[in-house]
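Here's the structure we're looking at; comments come further down.
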Amino acid sequence: MELSGGMKDIIMVLAPLAGGIMLAYGVFQVVYDVRGSTRKRVMDRLKSGASRGKDQQKEAIDFRRTTQKATGVLAQQFARMSLAKNLQKTLDQANLNWSAPQVLVNLTATALISVAGLMFFGVQLIAALGIGLGIFGLPIMYLHQRRKKRLKKLVNQLPDVFELLSQALRAGHSLASGMQLIAKELPDPAGTEFGRVFHEQNLGLKIEDALKSMADRIDMLDVRFFVTAVLIQRQTGGDLAEVLDKIGRVIRSRIELFGKVQALTAEGRLSGYVLLALPGIVFTVMLQVNRDYAMMLFTTDLGRMMLTGAIVMQIMGWLMIKKIVNIKV
C-alpha cells in the first residue's frame, strides 16, 4: 500500500525530529549526571547511616502500590535493569501507582508494533525506527516533567508544612499526630507524603524508618534536612518546633530568591524559545515561497543529513541556554 505524498512528507519531518530529540535528551542526561555528582555526595551524607542499617532493617512497605512485581519474561528482564529502578523512582515521585517494568514492556510493545506497521505500509526503516524511538521516549519524558512539577509544588508547600507541624508540637501534639494533621489539612503532594508516613508508623513501622523512607522516595535536599533534624532531635533532645521554624524560614527565603532569579533570567529563556522556533517558522515560509527548494531537505540524502544535524544542534543549543539560565538557588 503506497502512502500519499503529503503523508510521506509528514513522516520524513517527524522521523529526524524524534531522533534528534532522543539524541539531545541523552546528551543532556549525561551532562546532568556528571554535574550532579556533588549533590549526590551531600545527599548521601544526609542519609544518616540509613544504608549501614539496611541489612538489619526491613524496607518500608508501600501500602498504596497495588502491584510492583514484574510479570512475564520481558518484564522480569526489565526489572533487572537500572532503567527500571530509576523509572520506578520517577513514578513514585510523580504519585503514579504503576509498575516500572510493566510500563517499559507496554512502551516497547507499542513502539515495535508501530515500527512494524509503518514498514508494512512502505515507510523506510530509518523513519520507522525514529518514530518508534519517539513513541518509546516521549512518554518517559512526560513522566519526568510530571515528577518535576510535583516536586516543585512540594517545595513551595514545605514552609507551610513546617509551620503547621511546629504549631502542632507547641500545642502538645506528638510528631505522628502532627503529620496526621498535615495529611488532613494540606493537599497533594505534601498531604499525601506525610499521610503516608503517618499510616506506615501507625501500622507498626518505626517513625524514624518511615521518615527515612520518605526522604529516599522524594530525594530532595530540603526533605533530608527535615528528616535529619527530626532524627537528631529524637536521639539527643531539643526544641524541634524551633528547628522547624528556622528551616521553614530558610526555605521560604530561598523560594523568594528563586522567584527573583526567574524574573531576571526571563529574557534568556525567551531567547531560547525564539531561537528554537525561528528555524521552523523560516522553513514554513520557505515551503510557501519556494516549495521545491525547501523540499530538497527531504528528497536528497545530503538534505536529510543536514536537516537531522540542524535539529540536533538546535535542541542542544536550547538545552545549553536552559542550563545557563537555570541558576541553582
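Quick notes on this structure:
- Selection of region 142-170 for residues being among the aliphatic types (A, V, I, L, M) and within 17 Å of VAL243 (Cβ to Cβ) yields LEU158, VAL161, LEU164, LEU165, ALA168, LEU169.
- A search for C-beta distances below 6 Å between a residue of region 64-86 that is farther than 22 Å from HIS144 by Cβ and assigned to a helix (DSSP H, G or I) and any residue that is at pLDDT below 80 and aliphatic (A, V, I, L, M), counting only pairs 6+ apart in sequence or on different chains, returns GLN76/ALA70.
- Taking first residues from region 288-306 that are touching a residue at least 40 places away in the same chain (Cβ under 8 Å) and partners that are of a type in the set (A, V, I, L, M, F, W, C), the Cβ contacts under 7 Å between residues at least 6 apart in sequence or on separate chains come to PHE298/MET12; ARG304/LEU297; ARG304/PHE298.
- Output for region 194-236, where each listed residue is closer than 22 Å to LYS152 by Cα and either without any contact (Cβ under 8 Å) to a residue 12 or more places away in the chain or of a type in the set (D, E, K, R) (or both): ARG196, LYS212, ASP216, ARG217, ASP219, ASP222, ARG224
- Here SER271 qualifies as surrounded by fewer than 17 Cβ atoms within 10 Å (Cβ to Cβ), more than 20 Å from the chain's Cα centre (by Cα), touching a residue at least 40 places away in the same chain (Cβ under 8 Å) and in a helix (DSSP H, G or I).
- Restricting GLY178, GLY191, GLY172 to residues that are buried (at least 16 other Cβ atoms within 10 Å of the Cβ), without any contact (Cβ under 8 Å) to a residue 12 or more places away in the chain and over 18 Å from the mean Cα position of the chain (by Cα) narrows the list to GLY191.
- Members of region 91-128 that are closer than 19 Å to LEU151 by Cβ and of a type in the set (A, V, I, L, M): LEU91, ALA94, LEU96, ALA100
- Put simply, of LEU104, LEU133, LEU158 the only residue that is closer than 25 Å to ILE255 by Cα and buried (at least 16 other Cβ atoms within 10 Å of the Cβ) is LEU158.
One line per residue, one yes/no per condition, for (1) assigned to a helix (DSSP H, G or I); (2) over 30 Å from the mean Cα position of the chain (by Cα); (3) surrounded by fewer than 17 Cβ atoms within 10 Å (Cβ to Cβ):
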{"site": "GLN235", "(1), (2), (3)": "yes, yes, yes"}
{"site": "ALA241", "(1), (2), (3)": "yes, yes, no"}
{"site": "ILE255", "(1), (2), (3)": "yes, no, yes"}
{"site": "PRO279", "(1), (2), (3)": "yes, no, yes"}
{"site": "VAL285", "(1), (2), (3)": "yes, yes, yes"}
{"site": "ASP292", "(1), (2), (3)": "yes, yes, yes"}
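The values are calculated or read from the model by the stated rules, or taken from the named source; none is laboratory data. This is a predicted model, so every value here is computed, not measured. FYI the Cβ positions are ideal-geometry reconstructions off the backbone, even for glycines, and counts take in every protein chain you see.
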